[in-house]
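Let me begin by presenting the structure, written as structure tokens, before commenting on it.
The values are calculated or read from the model by the stated rules, or taken from the named source; none is laboratory data. All values reported here derive from a predicted model rather than from experimental measurement. With ideal geometry, Cβ positions are generated from the backbone for all residues, glycine too; neighbour counts draw on all protein chains shown. Calculation scope for accessible area: heavy atoms of the full protein, side chains included, ligands and nucleic acids excluded. Shrake-Rupley method; radii C 1.70, N 1.55, O 1.52, S 1.80 Å.
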Amino acid sequence: MSIMEYNGGSVIAMVGKECVAIASDLRLGNQSLGISSHFQKIFPMSDRIYLGLPGLATDVTTLKEQFRLRLNMYTIKEEREIEPETFAHLVSSTLYERRFGPYFIEPVMAGLQKTPSGAYKPFIAATDLIGCLNFAKDFVVAGTASTKLFGVAEGLWEPDLEPEDLFETCAQTLLNAVDRDAYSGWGAEVYVVTKDKVIKRTLKGRMD
Ligand SMILES: *[C@@H]1O[C@H](CO)[C@@H](O)[C@H](O)[C@H]1NC(C)=O
């Protein structure tokens, strides 16, 4: 048994046209025994940055508080909001600091990055459990259904999707991938971040 599969759960983030989407399932398990269908794995880090934390449930709870602390420290020191790329490096160094006794989490981030011209550029990234960053131009996946998420996303994703189309692509990718994974599912949550609003939708899923 891998510790990364103890509680189950999966997250995916996708890039669209001047928007990003991030989605997770809602299951919490004790291996194959389902415990909850309301276990949140995506947390807002700012108005424009969302963080998904699939992995060991105790570390989800620990790390979301740890990142809240480190983000507040940054905001107070710098007197400005953090940018997604900077936040990704904060996530990376927080995990690498525990290199020899890691948190069992593989974070996925999605956000809109402010450009010098004032426009917003989509940003997504993911890391492994010791903070090795993976910047992607299309989508990033993590969790127990990651292999299935890769497969479905490769088939459904296309460049420059508008927010509503990106929502549908991201939601269907997640829903169909977790149906092939016993450790993920039991409902889903999808966030679409655009320059002037964030759309959050809770979806029902198969309960078998
Ligand atoms: C998970 O289930 C096993 C029995 O299958 C039990 O022994 C163990 O205490 C449970 N773990 C938790 C954290 O509840």
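Scanning the stretch 21-31 for residues that are hydrophobic (A, V, I, L, M, F, W, C), away from the ligand (no atom under 15 Å from the Cβ) and not in a loop (DSSP other than H, G, I, E, B), which turns out farthest from residue 182 (Cα to Cα)? Give the steps one after another, and end with the answer.
The initial filter retains those residues of the stretch 21-31 that are hydrophobic (A, V, I, L, M, F, W, C), namely 21-23, 26, 28.
In the following step, the residues that additionally are away from the ligand (no atom under 15 Å from the Cβ) were identified as 21-23, 26.
From the residues that got through so far, the ones that are not in a loop (DSSP other than H, G, I, E, B) too are 21-23.
On the way: 21: 24, 22: 21, 23: 18 Å.
Checked the stretch 21-31; the qualifying residue farthest from residue 182 (Cα to Cα) is 21.
Which residue, of 18, 65, 85, 78, is open to solvent by 10 Å² or more (accessible area, probe 1.4 Å), modelled with pLDDT of 95 or more, at positive phi and more than 16 Å from the ligand (Cβ to nearest atom)? It would help to see each step written out before you state the result.
Working: 65 fails: at positive phi; 85 fails: at positive phi; 78 fails: at positive phi.
Being open to solvent by 10 Å² or more (accessible area, probe 1.4 Å), modelled with pLDDT of 95 or more, at positive phi and more than 16 Å from the ligand (Cβ to nearest atom) holds for just one of 18, 65, 85, 78, which is 18.
For residue 100, all conditions in the list (1) open to solvent by 10 Å² or more (accessible area, probe 1.4 Å); (2) aromatic (Phe, Trp, Tyr); (3) touching a residue at least 12 places away in the same chain (Cβ under 8 Å) hold save one; what is the number of the exception?
(3)
Give the stretch 105-122 a look and list any residue that's within 18 Å of residue 163 (Cβ to Cβ) and surrounded by fewer than 24 Cβ atoms within 10 Å (Cβ to Cβ), or say none. If you could, list the steps in order and put the result at the bottom.
Just the residues of the stretch 105-122 that are within 18 Å of residue 163 (Cβ to Cβ), to begin with: 110-113, 119-122.
Correct list: 112, 113, 119, 120, 121, 122.
Can you tell me which residue within the stretch 134-150, out of those that are part of a strand (DSSP E or B) and among the aromatic types (Phe, Trp, Tyr), is surrounded by the most Cβ atoms within 10 Å (Cβ to Cβ)? Spell out how you get there, then give the answer.
In the first step, residues of the stretch 134-150 are kept if they are part of a strand (DSSP E or B); the result is 134-135, 139-143.
Checking the rest, the ones that are also among the aromatic types (Phe, Trp, Tyr) come to 135, 139.
Values: 135: 12, 139: 24.
If we take residues in the stretch 134-150 being part of a strand (DSSP E or B) and among the aromatic types (Phe, Trp, Tyr), then 139 is surrounded by the most Cβ atoms within 10 Å (Cβ to Cβ).
This table checks each residue for (1) free of Cβ contacts under 8 Å to residues at least 12 places away in the same chain; (2) over 15 Å from the mean Cα position of the chain (by Cα); (3) open to solvent by 60 Å² or more (accessible area, probe 1.4 Å).
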| position | (1), (2), (3) |
| --- | --- |
| 160 | no, yes, yes |
| 163 | no, yes, no |
| 171 | no, no, no |
| 180 | no, yes, yes |
| 190 | no, no, no |
| 194 | no, yes, no |
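Could you grab the pairs with beta carbons closer than 9 Å, sequence gap of 6+ or different chains, first residue in the stretch 25-41 and more than 16 Å from residue 4 (Cβ to Cβ), second one hydroxyl-bearing (Ser, Thr, Tyr) and assigned to a strand (DSSP E or B)?
26/36; 26/202; 40/24
Can you pull out the residues in the stretch 32-62 that are part of a loop (DSSP other than H, G, I, E, B) and either open to solvent by 70 Å² or more (accessible area, probe 1.4 Å) or within 20 Å of residue 141 (Cα to Cα) (or both)?
32, 38, 39, 40, 41, 45, 47, 48, 53, 54, 56
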